[in-house]
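> I'd like to ask you about the structure that follows.
The values are calculated or read from the model by the stated rules, or taken from the named source; none is laboratory data. This is a predicted model, so every value here is computed, not measured. Note that each Cβ is placed from the backbone with ideal geometry, even for glycine, and that neighbours are counted across all protein chains shown.
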């Protein structure tokens with residue numbers, strides 16, 4: 001899909017908006033109180049992350065002590081079949097949902113279908129589609145339905161380069177009864193080429209604090225998978241490896257963190273809950289972990305008390321062991337490690353990466369996964385143990401699954417792929433070691 005990029009810069013704040021050429025949009029920098037969209041969000045969803053995100057990203061100045069925002073006004077869009085439509089969230093577009101449900105598409109095909117109907121919102125990153133005014137199932141124009149039900153919306157499924165057979169099954173493993181795993185409210189390893197996350201984004205991410213020579217040090221990351229267990233890399237708990245970095249014992253696991261500089265994080269007056277600190281009850285390192293080759297680089301941390309879930313603290317979903325990776329998925333990596341400036345980031349960072357077909361990845365085992373293409377986006381020192389995540393559309397939500405655990409990479413981060421322990425291959429081990 002082609003689009004037009006437009007940049008705004010005001011008071012040293014710049015952002016890019018991408019418009020689908022079929023979407024008609026008008027934008028003005030006006031007082032907050034005069035923007036119907038903003039006031040509707042504030043009046044109906046004042047504390048929602050998307051409201052906070054909208055206010056943060058659309059701020060364009062102050063006049064007479066009143067905040068100004070870029071206020072978008074959607075006039076409409078044209079569908080692929082030249083129908084009048086509106087730019088709407090996928091789960092609010094009944095006509096397209098009916099088509100998808102009737103075609104019995106798998107997850108990959110559904111994403112491709114929605115991508116073909118995508119339109120872009122200037123005030124958030126939510127996935128929106130150009131939703132037809134008419135329901136194709138009740139349209140007098142049968143050609144709309146005919147065209148929608150044929151092969152253009154069933155793209156060719158790419159094949160994997162390796163011989164590992166992973167049948168299609170993206171259901172969640174039943175490690176935790178919590179129904180809302182994997183849903184956000186709304187990179188020595190570093191996130192290179194990344195950008196800051198939003199408050200409450202990836203609420204399963206953990207900070208591992210170690211006893212250092214001059215106090216506590218953020219050394220690794222992890223992912224909350226149940227109300228008592230955090231999954232991380234084995235090398236983050238290996239005494240010989242920790243000693244190389246002048247780190248002593250792991251002291252705390254911190255959940256609900258965003259900005260390491262603050263006790264409580266706030267955006268536009270709306271604040272998250274203070275981060276939660278947990279002591280360590282037990283550490284379980286894979287018995288076949290090698291500190292030479294970093295094979296079986298996976299470990300569990302049992303927390304000293306049960307985690308109470310909230311918008312800012314909740315577990316990520318574990319995938320089914322038979323998950324099928326097509327080879328073209330877009331993954332997310334995240335952490336507080338060093339950025340491209342070579343300084344550790346105080347705020348949680350994220351970046352998107354794809355599976356790598358680099359020569360560097362040819363000899364990995366089926367228990368490893370290789371991602372990143374040397375385009376400057378990568379994990380680096382400080383992000384070890386953190387997640388490689390894959391988002392899947394399930395109902396009205398995008399659910400995140402823990403596909404990999406950051407294991408190791410190359411010294412010059414962002415120039416070559418990184419390696420991750422492939423979580424689906426360790427699900428039996430995880431089950432056996434969770435009480």
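> Picking from 252, 294, which residue would you name as being buried (at least 17 other Cβ atoms within 10 Å of the Cβ), modelled with pLDDT of 80 or more, assigned by TED's automatic domain parsing to the domain that holds residue 369 and assigned to a loop (DSSP other than H, G, I, E, B)?
Of 252, 294, the one residue that is buried (at least 17 other Cβ atoms within 10 Å of the Cβ), modelled with pLDDT of 80 or more, assigned by TED's automatic domain parsing to the domain that holds residue 369 and assigned to a loop (DSSP other than H, G, I, E, B) is 294.
> Now for a different question. Output yes when any residue across the range 278-289 is under 25 Å from the mean Cα position of the chain (by Cα) and more than 30 Å from residue 58 (Cβ to Cβ), and no when none is.
yes
> Right, next: For the range 218-235, state whether one or more residues are more than 26 Å from residue 425 (Cα to Cα), at pLDDT below 90 and not assigned by TED's automatic domain parsing to the domain that holds residue 48.
Scanning the range 218-235, I find at least one residue that is more than 26 Å from residue 425 (Cα to Cα), at pLDDT below 90 and not assigned by TED's automatic domain parsing to the domain that holds residue 48, so the answer is yes.
> Here's another thing I want to ask about it. Consider residue 65 against the criteria (1) on the phi > 0 side of the Ramachandran plot; (2) touching a strand residue (DSSP E or B) at 6+ places or on another chain (Cβ under 6 Å); (3) modelled with pLDDT of 70 or more: it satisfies all of them except one. Which criterion is unmet?
Of (1) on the phi > 0 side of the Ramachandran plot; (2) touching a strand residue (DSSP E or B) at 6+ places or on another chain (Cβ under 6 Å); (3) modelled with pLDDT of 70 or more, only one is false for residue 65: (2).
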